[in-house]
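Readers should treat all values here as calculations from the given coordinates under stated rules, not as data from a laboratory. Quantities reported herein were computed from a predicted structural model and do not represent experimental measurements. Note: ideal-geometry Cβ built from the backbone for every residue, glycine included; neighbour counts use all protein chains shown.
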Amino acid sequence: MSAQSSVADSVYNKYLDFNLARFQGEDKEKIIALGEELLPYADKLPEKTRINFYFAVGKMYEDSDQDNKALPYYEKVAAAVPDYYVVHRALGYLYLAKIKDIEEKLNASSGNQALNQQLTAGYNAAVRKALPHLEKAQACDPSDETLEIIKKLYKNVKDESALSSLDSRLKVLSKNCIDILTDK
């Protein structure tokens, strides 16, 4: 057995330990420790396994209220498997939480025009980040709540054109939806 193969086997075994801890409901700290120990070696995992691992790491961080740490891993999964709508739902709602934070700051900044403009720009950028993910999730797994959020966001950023073409975009996005990642 070559040294490279031995390293790959060791990394894969750590991946299995990480998954076992998750599925057995181990405490969050142990799962995070196992996941973070494996992260520097994730490139040694087979590609589909690595994508699965990145999704699990995103979920691990999201479940631990570390949304900023979850985002880059979810983004990697969305880039690698663009039709996996589960990750798009997660991303959409994480970005939506950022939007709500900005809305609160906007409401409190009414007297400060410069801050208001800065927050409005941040709000618009966050909305533009959330919408594609929310739309993919909506197209693959329709929800009245998600649809209302999408429509509200388009109205808030005054994008009537995108709002009027929403149904046709959702129809296109509904093709090739994936709801489960595989390791193989």
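See the values below:
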quantity	calculated
Only Lys, Arg (+1) and Asp, Glu (-1) charged, at Cβ; the chain dipole about Cα centre in debye	540 debye
Projected label distance in nm at TYR12 and GLN66, using a 7 Å step from Cα toward the beta-carbon	2.7 nm
Inter-label distance for SER161 and LYS100, nm, one decimal - labels placed 7 Å from Cα along Cα-to-Cβ	3.1 nm
Dipole-positive endmost among LEU173, GLN24, ASN68 within the chain (Cβ charges, Cα centre)	LEU173
Cα centroid separation - segment 9-44 against segment 140-184, whole Å	33 Å
Largest to smallest principal axis extent of the C-alpha atoms in segment 45-184, angstrom	56, 34, 20
Whole-percent pair-distance distribution, where bins are 10 Å wide, for the alpha carbons of segment 1-97	16, 46, 31, 6, 1
Label-to-label distance, nm, for residues given as SER168 and ASP43 (7 Å Cα→Cβ offset)	4.3 nm
